[in-house]
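Report on one structure; see the data block that follows.
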Amino acid sequence: QVQLVESGGGLVQPGGSLTLSCVASGFTFSIYPIRWYRQAPGKEREWVATITSAGTTNYADSAKGRFTISRDNAKNTLYLQMSSLKPEDTAVYYCYCNDLGLWGQGTQVTVSS
């Protein structure tokens, strides 16, 4: 089955850290660029970060300096390390493969004291 499955979300205090994972199955994960998106309540889904098959990374301004996208092709897994989290980072986070038009189901991140 071709799918992306996110995990690692939860409740974290402002200033805290969290690492999200996205496990791919059913396709050759290593050859595709993969993206992280997020959607906050009442807002449109927004791009967070991209990593190419070669490991080149790009970030939205909101993520630069605080988030790190990485991948482990041997484990078919994408990661998003998030630090210095703010309440405005609260959202459902999704991984996405544009070439396949494939979204994961999302994982909720809530930043609150």
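Give the accessible area for D61 in Å² (nearest 10); use a 1.4 Å probe, count only protein heavy atoms, and leave out ligands, DNA and RNA.
120
Reachable aspartates and glutamates from K86, Cα under 20 Å, same-chain residues fewer than 8 places away excluded?
Result set, ordered by chain and number: E44, E46, D61.
For T57 and S112 in the same chain, what is the full-extension length gain: residue separation times 0.36 nm, less their Cα-Cα distance, in nm?
Difference between extended and current length: 17.0 nm.
Averaging sequence separations of C-alpha pairs under 8 Å and six or more residues apart, then dividing by the length of the chain, give the relative contact order as a whole percent.
37
By residue number, which cysteines of the chain lack any other Cys whose Cβ falls under 4.7 Å from their Cβ?
Cys with no partner Cβ under 4.7 Å: C97.
Output the Cα-based Rg and Dmax of the range 1-52 in Å, rounding Rg to one decimal and Dmax to a whole number.
13.3, 37
Give, rounded to the nearest 20 debye, the magnitude of the charge dipole that the chain has about its Cα centre when Lys and Arg contribute +1 at Cβ and Asp and Glu contribute -1 at Cβ.
Working: 9 positive and 8 negative charges, 22 e Å.
Computed about the Cα centre, the dipole is about 100 debye.
Quick check for you: with a 1.4 Å probe and neighbouring chains kept, what is the accessible area per residue of the chain, in Å²?
Computed with neighbouring chains in place, this is 50 Å² per residue.
Using a 1.4 Å probe on the protein heavy atoms, what percent of the accessible area of the range 7-113 belongs to carbon and sulfur?
Reported share for carbon and sulfur atoms: 46 percent.
Points 7 angstrom from Cα along the Cβ direction at W47 and Q1: gap in nanometres?
Going from the W47 label point to the Q1 one covers 3.0 nm.
Between V23 and L100, what length comes free when the chain is fully extended (0.36 nm per residue of separation minus the Cα-Cα distance, one decimal in nm)?
Taking V23 through L100 to full extension adds about 26.2 nm, to one decimal.
The values are calculated or read from the model by the stated rules, or taken from the named source; none is laboratory data. For clarity, every value in this text was computed on a predicted model and none was experimentally measured. Note that each Cβ is placed from the backbone with ideal geometry, even for glycine, and that neighbours are counted across all protein chains shown. Ligands, DNA and RNA are stripped out before the accessible areas are found, and what is left, the full protein with its side chains, is counted by its heavy atoms. Shrake-Rupley method; radii C 1.70, N 1.55, O 1.52, S 1.80 Å.
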